[in-house]
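The values are calculated or read from the model by the stated rules, or taken from the named source; none is laboratory data. Everything quoted here is computed from the prediction, not taken from an experiment. Cβ sites come from the backbone with ideal geometry, for glycine too, and all protein chains shown count toward neighbours. Side chains are part of the model used for accessible areas, which takes the heavy atoms of the whole protein and leaves out ligands, DNA and RNA. Shrake-Rupley method; radii C 1.70, N 1.55, O 1.52, S 1.80 Å.
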Amino acid sequence: MDNEYYTTKRVTVKEIDDLLYEEHKVLDHGFIRVIDYMGSDNSIVQAARVSYGIGIKQVSQDKALIKYLMRHHHTTPFEMCEIKFHVKLPIFVARQWIRHRTANVNEYSARYSILDHEFYIPKPEQVAKQSDNNKQGSGEAFDTHISQEIIDSLTKDSNLVYSHYEKFIEQGLAREIARTNLTLNYYTQFYWKIDLHNLLHFLKLRADKHAQYEIRVYAEVMLDIVKKWVPLAYNAFVEYCLGSVSISRTGLEIIRKLIDGENVTREESNIGKREWDEMMCTLKKTGR
């Protein structure tokens, strides 16, 4: 049967069609590509309006409706949109990434294939000390000399284990065993398919300034893709999620007292020091 050209009847977004399969470079050897997608901003409002029957029809109201859905956490309409990424990333980043159990994942298998001689080495400014007040985070950077020593050691170790890996393969060792000596900075790849609601949750956590740098840079690329794909949903997300803060009931009462001119101390507030400091920092940034 001769090949024929069919005009698509699916919802398409030109800005994303133009990006399909294009590599967005991340870190030293990584990338992220859009492989496929389903839906658009219009898909979100269509799904929301099913509940209303004929409902709201004016296109001019799409923006307001999406903002309402985002503001009030009506998440189901956002699940009508899906996107599939091809991601190349260091293994330790992949282990963080995979903790988000709301996607479909298929990873490159080192049991069947041989991993490339590609590993991640941080830039000097990312070679930082352990944070004094955050068990999960980094603190200030080392001086240039120590940073270079650490980078040289990481590079030497990574090359050494790969030379052993190659030797194991040449000796006929099963690939599923040979891979076990490779370090976590070696690169892996996976296809990752997720709906928009869960993608935005992922981005809220991983694009945050407190997220580890190596996963945050991937999230920042994905944010730019989402902006092109569903601009109305993106703007609502930035307004009500990414650029917002969560205040507890007690915290809200404290803010009301401060607005009324009352003097409130942390000891009187019945909230922990960390929450208090976060709230005071937020108020200062907003001009209080």
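Structure data summary
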item: Carbon and sulfur %, accessible surface of the chain computed with the full protein complex present, 1.4 Å; result: 50
item: Pairs of lysine residues in the stretch 87-217 - Cα separation under 23 Å, sequence separation of 8 or more or cross-chain; result: 14
item: Accessible area in square angstrom per residue, the stretch 89-131, 1.4 angstrom probe; result: 60
item: Phi to ³J(HN,Hα) by Karplus 6.51 cos²θ - 1.76 cosθ + 1.60 over the stretch 26-40, Hz, x for Gly, Pro; result: 9, 6, 8, 10, x, 7, 9, 10, 8, 9, 6, 7, 9, x, 7
item: Surface accessible to a 1.4 Å probe, per residue, for the residues of the stretch 136-234, Å²; result: 53
item: Positive-end residue of Tyr68, Ala128, Thr183, charge dipole of the chain with Cβ unit charges; result: Tyr68
item: Kyte-Doolittle at least -1.0, axis length at least 27 Å by Cα - qualifying DSSP helices, the chain; result: 144-170
item: Mean Cβ count within 10 Å, highest first, over the residues of peptides 196-207, 213-224; result: 196-207, 213-224
item: Label of the coordinate-derived value, mean projected area of the Cα convex hull in nm², listed as (i) 19.3; (ii) 20.3; (iii) 23.4; result: (iii)
